[in-house]
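Right, one structure below, let's go through it.
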Amino acid sequence: MGEILSQSEIDALLSALSSGELSLEEKTEETKQKVKKYDFKRPNKFSKEHVKTLEMVHENFARIASNYLTANLRTSVQIKVISTEQITYEEFIHSISNPTILISYYLEPFNGLFLFETSPQFVFQTIDIMFGGEGKELIKVREFTEIEKNIIKKINYKMLEGLKLAWEDIIEVEPKIDSLETNPVLNQFLAPNEPVELITMQVQINNNQSFINMCIPYISVEKFIDKLVIQYRTNIKTESDIEVTKKLEKNIMNVEVDSHVELGRSIISVQDFLNLTVGDCIKLDTKINGTLNYYIEDNLHYKVYPGVIGKKMGIQIAEIIDKDVEDYE
């Protein structure tokens with residue numbers, strides 16, 4: 001609250017104005033503050049970091065779901081994230097078709113329900129392929145039969161199991177289906193103005209495009225919202241990291257493995273094998289000055305030369321076989 005002027009100060013101020021000593025146009029400098037518009041009807045509760053993390057998770061989910069559908073439908077299926085946006089629950093419900101397949105599910109340990117919506121085109125095309133069709137023709141939207149709903153429920157549940165792998169770098173989750181609804185208007189478990197994050201994915205099967213949607217209510221992830229901010233580790237190693245590395249190396253060095261050197265191979269008949277006696281010679285497929293195969297746990301790792309170290313037999317490594325690396329590429 002401003003300071004109250006006395007009568008004498010008010011008179012002095014008025015006389016200064018009348019004499020021209022003080023001008024009304026003189027303004028004191030005011031610090032300008034940037035005002036950011038905020039819509040209370042649509043509060044932005046998901047930050048950019050949260051949206052980025054959710055997008056990354058569902059890009060992983062899209063790859064996992066693509067592999068699952070490709071293997072089960074025996075045709076090429078491509079799924080990719082095309083948009084992520086925060087809207088209200090009411091906007092989401094009115095943006096999807098009716099009828100549609102809308103599955104509500106829990107994603108433990110998150111609280112509250114999540115929604116997984118698969119468009120009618122995706123449902124009819126998938127079922128057509130599963131029952132021997134080609135899934136190339138556009139199918140007219142109609143009500144789903146009980147058989148179709150049961151089939152797509154199993155398929156969607158298998159797809160949702162991919163969330164375990166998609167979320168594993170952030171938090172361990174366990175999806176559990178709650179219910180299936182074909183009329184989205186009847187699914188009113190949230191307030192109309194409740195903020196949700198909508199992840200839309202495009203599905204391409206036999207040159208036909210369809211869409212699936214993931215709806216993530218803020219209220220369902222609110223208690224674990226800090227998990228959605230990924231903390232990136234630096235490349236600088238601390239003393240504790242170096243100590244842990246040394247302990248791991250020490251433990252690995254003490255692991256015992258079976259190894260052997262193969263002198264060579266030969267093919268003989270069963271009759272010759274049965275007639276072998278002490279002193280018989282067998283011609284091998286290796287040369288005297290050639291390398292031998294050195295196996296560790298029955299896997300070829302080295303080419304070696306045989307020799308003698310003091311009074312004991314030994315080997316000298318001549319070549320390293322990077323077979324394990326090739327297998328994992």
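The values are calculated or read from the model by the stated rules, or taken from the named source; none is laboratory data. If you're wondering where the values come from, they're calculated on a predicted model, not measured in any experiment. Glycine gets a Cβ as well: all are built from the backbone with ideal geometry, and neighbour counts include every protein chain shown. Only protein heavy atoms, including side chains, enter the accessible area calculation; ligands, DNA and RNA are left aside. Shrake-Rupley method; radii C 1.70, N 1.55, O 1.52, S 1.80 Å.
Quick check on Glu249: is it of a type in the set (Asp, Glu), in contact (Cβ under 8 Å) with a residue 12 or more places away in the chain and out of contact with any helix residue (DSSP H, G or I) (no Cβ under 7 Å at 6 or more places or on another chain)?
So Glu249 fails the test.
May I ask you to list the residues in the range 49-77 that are more than 15 Å from Gln204 (Cα to Cα) and among the basic types (Lys, Arg)?
Result: Lys52, single match.
Leu248: over 30 Å from Phe61 (Cβ atoms) and modelled with pLDDT of 85 or more, yes or no?
Considered against the rule, which asks whether it is over 30 Å from Phe61 (Cβ atoms) and modelled with pLDDT of 85 or more, Leu248 comes out as no.
If a residue has to be of a type outside the set (Asp, Glu) and within 20 Å of the chain's Cα centre (by Cα) to count, how many in the range 89-110 make the cut?
5
Would you check which residues across the range 125-137 are free of Cβ contacts under 8 Å to residues at least 24 places away in the same chain and open to solvent by less than 80 Å² (accessible area, probe 1.4 Å) and list them?
Result: Asp128, Gly132, Gly133.
Let me spell it out: the conditions are (1) in contact with a helix residue (DSSP H, G or I) (Cβ under 7 Å, 6 or more places away or on another chain); (2) modelled with pLDDT under 90, and Arg142 meets all of them except one. Which number is the exception?
Of everything listed in (1) in contact with a helix residue (DSSP H, G or I) (Cβ under 7 Å, 6 or more places away or on another chain); (2) modelled with pLDDT under 90, Arg142 misses just condition (1).
Go through the range 138-168 and give me each residue that's part of a loop (DSSP other than H, G, I, E, B), open to solvent by 70 Å² or more (accessible area, probe 1.4 Å) and more than 22 Å from Asn98 (Cβ to Cβ).
Glu168
I'd like the full set of residues that are touching a Phe, Trp or Tyr at 6+ places or on another chain (Cβ under 9 Å) and surrounded by 15 or more Cβ atoms within 10 Å (Cβ to Cβ), limited to the range 55-83.
Result: Val57, Asn60, Phe61, Val77, Ile79, Val81.
Given the options Asn213, Asn208, name the one that is surrounded by 12 or more Cβ atoms within 10 Å (Cβ to Cβ), over 30 Å from Lys45 (Cα atoms) and touching a helix residue (DSSP H, G or I) at 6+ places or on another chain (Cβ under 9 Å).
None of the others qualify; the one that does is Asn208.
Within the range 263-275, can you find the residues that are over 29 Å from Lys303 (Cβ atoms) and in a loop (DSSP other than H, G, I, E, B)?
Ser269, Asn275
For the range 94-109, what are the residues that are of a type in the set (Ser, Thr, Tyr) and more than 17 Å from Lys153 (Cβ to Cβ)?
Ser95, Ser97
Within the range 84-115, can you find the residues that are open to solvent by 60 Å² or more (accessible area, probe 1.4 Å) and more than 21 Å from Asn150 (Cβ to Cβ)?
Passing the criteria: Glu85, Glu90, Glu91, His94, Ser95, Glu108, Asn111.
For the range 38-48, enumerate the residues that are modelled with pLDDT of 80 or more and open to solvent by 100 Å² or more (accessible area, probe 1.4 Å).
Hit for the range 38-48 is Lys48, nothing else.
Consider Ser269 carefully, then state whether it is at pLDDT 85 or above and either surrounded by 10 or more Cβ atoms within 10 Å (Cβ to Cβ) or among the charged types (D, E, K, R) (or both).
no
If we keep just the residues of the range 169-203 that are of a type in the set (D, E, K, R) and in a strand (DSSP E or B), which is most open to solvent (accessible area, probe 1.4 Å)?
Lys176
Would you be able to tell me the number of residues in the range 83-112 that are of a type outside the set (D, E, K, R) and closer than 19 Å to Val221 by Cα?
15
Would you mind stating whether Thr145 is hydroxyl-bearing (Ser, Thr, Tyr) and touching a residue at least 12 places away in the same chain (Cβ under 8 Å)?
For Thr145, the condition - hydroxyl-bearing (Ser, Thr, Tyr) and touching a residue at least 12 places away in the same chain (Cβ under 8 Å) - is not met.
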